[in-house]
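In what follows, a structure is listed as structure tokens, so that the remarks can point back to it.
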Amino acid sequence: MLKPRDPAARARLGWLLLTLALLLPTLPLTQFTLATLLNGDTWLSLARFATGFLPPAHDGDFLKEVVRETVVTLAVASAGLVLAMLLGAPLAFATSRALDDHQLTASPPRRAVLAAQSLLRGLMVWLRGVPDIVWALLFVRAAGLGSLPAVLALGLAYGGMLGKVYAEILESQPRAPAQALAAAGASRWQRLCWALWPQALPELISYSVYRWECAIRASAVMGFVGAGGIGQLLDSSLKMLNGGEVGTLLLVFLLLVGLSEGVSRWSRRALERDGGGRRLLLAGGALAAFSLCWLWPDWRANGFDWRGLPRFAMEFLPPDFSPAALRQLGQGVVETLAMSALGTVLAALLAMPLALPAAGRLGVAAKSATRLLLNMLRGIPDLLWAALAVLALGLGPAAGVLALAMHTAGVLGRLFAETLENAPPQAEQALLHAGAGRAVAFCYGPLPMVASQWLAYTLYRWENNIRIATVLGIVGAGGLGQQLYLALSLFQQQAAAAVILAMVALSWGVEQLSRALRRRLG
């Protein structure tokens with residue numbers, strides 16, 4: 001029997017075949033066929049669709065409206081983050097184990113305190129488990145259109161996230177100062193102010209700035225459900241099939257992403273200098289004040305009906321868990337998981353060849369062009385990719401698969417390229433000096449070194465894509481999101497409540513699985 005030249009070839013082939021076997025059921029579940037993907041007519045149709053965006057619209061009145069709605073988008077992100085911090089900071093203070101008496105001293109835990117903390121942690125799971133776009137959709141349906149629903153949605157969803165992460169940041173700090181203060185009889189507030197706050201402040205600010213960057217991306221697409229901003233302009237342009245306006249708005253999306261990333265990099269550098277944290281806090285306060293002043297006239301004009309919220313909330317009770325509804329929910333969950341899995345795998349397969357030129361292996365020109373392509377792919381939000389994919393492929397989960405694949409390919413391509421650039425070059429150089437070809441030297445040099453990291457990045461993105469796939473159906477891309485949008489459109493609030501609970505359960509399950517895997521790998 002001939003032995004394979006590569007001793008690991010059989011193992012790799014086995015894993016490849018197992019992966020393909022697991023992915024095969026996702027094709028009929030998502031209605032996404034490889035024939036469609038490999039069909040030249042499909043790509044020709046997509047190319048014709050994309051060329052409709054050129055030339056971008058540059059009418060004066062339209063550009064003025066774009067500028068105004070862009071400022072609204074930035075203001076919504078800033079005001080929403082402030083609301084999230086006002087909600088998340090007290091939740092972190094109340095639930096962080098780093099401030100608990102029984103964690104810092106030998107005193108026994110109090111059952112009432114533990115019960116209250118469990119309830120608050122459950123509240124945070126609920127807040128961040130419901131996607132921000134779903135919160136926005138609910139507020140729009142309950143009390144009206146405008147930017148206020150978007151601010152409230154970001155405040156609730158990001159408040160749950162910030163509460164969890166702030167608490168974890170406090171828990172990651174050295175405990176000796178807090179233990180010393182606790183032994184001296186200091187209160188919970190004093191331990192925070194004098195022991196943990198000075199150590200944790202740079203990391204707290206850094207994560208808050210990162211969340212502001214994420215809030216800009218989120219607020220940019222909330223207009224798809226009527227929550228104002230640049231997304232509402234884009235939704236109107238897409239429905240009217242005005243390609244020139246869509247092209248202009250896509251450019252604005254990319255500029256917003258670039259702006260947010262630039263501010264994030266500047267803030268990280270500012271934190272490294274003396275007084276940088278204070279200057280960042282002052283700049284954030286000024287931005288928040290400007291945002292509220294800018295948005296206030298719109299809020300007063302739209303007349304948000306707060307009195308309708310309790311009545312609207314009661315319409316969701318009790319959730320519809322009839323056998324027929326449960327079967328439909330099960331189909332939605334399976335479809336969502338299939339979309340996320342297939343979209344992530346396709347993204348990884350696309351990102352791998354793009355990572356080579358992006359890492360500079362094919363020259364400077366190819367590196368610059370590929371990096372620009374990757375920035376465009378990841379700069380356009382998933383929900384916007386889904387809206388474009390629905391126009392190109394039609395309604396259904398196939399559009400969701402394509403949207404996840406395009407956006408995630410941009411994210412993974414960048415990460416894969418950075419991993420390649422950081423890989424030690426000695427093994428590849430030795431193979432080249434021994435007479436091996438460039439392809440062989442790459443496959444047996446840097447590729448084995450980065451393969452595990454590529455796999456880890458892919459699994460991490462799949463975890464994120466499961467959450468994202470739950471909402472793509474809001475624009476017609478299948479899954480639980482499409483069931484939710486249909487139920488709300490038909491005023492079937494009890495069915496919508498069951499879908500939202502399924503979303504929260506799926507998000508919580510993914511979070512617990514991810515935590516268990518991190519503990520096992522750590």
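The values are calculated or read from the model by the stated rules, or taken from the named source; none is laboratory data. Everything quoted here is computed from the prediction, not taken from an experiment. Virtual Cβ from ideal backbone geometry, glycine too; neighbours counted across all protein chains shown.
Below are the figures for this structure:
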{"read-out": "Filter pass, Ala347 being part of a helix (DSSP H, G or I), surrounded by fewer than 19 Cβ atoms within 10 Å (Cβ to Cβ) and touching a Ser or Thr at 6+ places or on another chain (Cβ under 9 Å)", "value": "no"}
{"read-out": "Neighbours by Cβ (under 6 Å, 6+ apart or cross-chain): first from region 474-493, on the phi > 0 side of the Ramachandran plot; second outside any helix (DSSP H, G or I) and modelled with pLDDT of 90 or more", "value": "none"}
{"read-out": "Some residue of region 452-474 being of a type in the set (Ser, Thr, Tyr), assigned to a loop (DSSP other than H, G, I, E, B) and under 30 Å from Leu156 (Cβ atoms)", "value": "yes"}
{"read-out": "Count of residues meeting criterion [among the small types (Gly, Ala, Ser) and within 17 Å of the chain's Cα centre (by Cα)] in region 125-162", "value": "8"}
{"read-out": "Those residues of region 264-283 which are touching a residue at least 60 places away in the same chain (Cβ under 8 Å), under 19 Å from Cys214 (Cβ atoms) and out of contact with any Leu (no Cβ under 8 Å at 6 or more places or on another chain), in sequence order", "value": "Arg268"}
{"read-out": "Unmet requirement for Asp382, which otherwise passes all of (1) surrounded by 15 or more Cβ atoms within 10 Å (Cβ to Cβ); (2) at pLDDT 90 or above; (3) of a type outside the set (S, T, N, Q)", "value": "(2)"}
{"read-out": "Flag if Ala392 is in contact with a Leu (Cβ under 8 Å, 6 or more places away or on another chain), of a type in the set (Gly, Ala, Ser) and surrounded by fewer than 19 Cβ atoms within 10 Å (Cβ to Cβ)", "value": "yes"}
{"read-out": "Those helices (runs of 4 or more DSSP H) lying entirely in region 163-278 with at least 2 residues at pLDDT below 85, of a type in the set (S, T, N, Q) and surrounded by 15 or more Cβ atoms within 10 Å (Cβ to Cβ)", "value": "243-271"}
{"read-out": "Some residue of region 300-307 being touching a Gly at 6+ places or on another chain (Cβ under 7 Å), surrounded by 13 or more Cβ atoms within 10 Å (Cβ to Cβ), in the same structural domain as Leu83 (by TED's automatic domain parsing) and over 30 Å from Leu402 (Cα atoms)", "value": "yes"}
{"read-out": "Sole residue being under 23 Å from Ala215 (Cα atoms) and touching a residue at least 60 places away in the same chain (Cβ under 8 Å), chosen from Ala359, Ala386, Ala398", "value": "Ala386"}
{"read-out": "Residue within region 124-134 that is in contact (Cβ under 8 Å) with a residue 60 or more places away in the chain and basic (Lys, Arg) present", "value": "yes"}
{"read-out": "Criterion: more than 30 Å from Lys367 (Cα to Cα), surrounded by 21 or more Cβ atoms within 10 Å (Cβ to Cβ) and either at pLDDT 80 or above or among the basic types (Lys, Arg) (or both) - qualifying residue of Leu490, Leu501, Leu472", "value": "Leu472"}
{"read-out": "Residue in region 413-425 that is in a helix (DSSP H, G or I) and more than 17 Å from Ala348 (Cβ to Cβ) present", "value": "yes"}
{"read-out": "Leu196 under 30 Å from Arg121 (Cβ atoms), in contact with a Pro (Cβ under 8 Å, 6 or more places away or on another chain) and touching a residue at least 40 places away in the same chain (Cβ under 8 Å)", "value": "yes"}
{"read-out": "Test: residue in region 103-116 that is outside the structural domain of Thr470 (by TED's automatic domain parsing), under 28 Å from Ser507 (Cα atoms) and either at pLDDT 90 or above or outside any helix (DSSP H, G or I) (or both)", "value": "yes"}
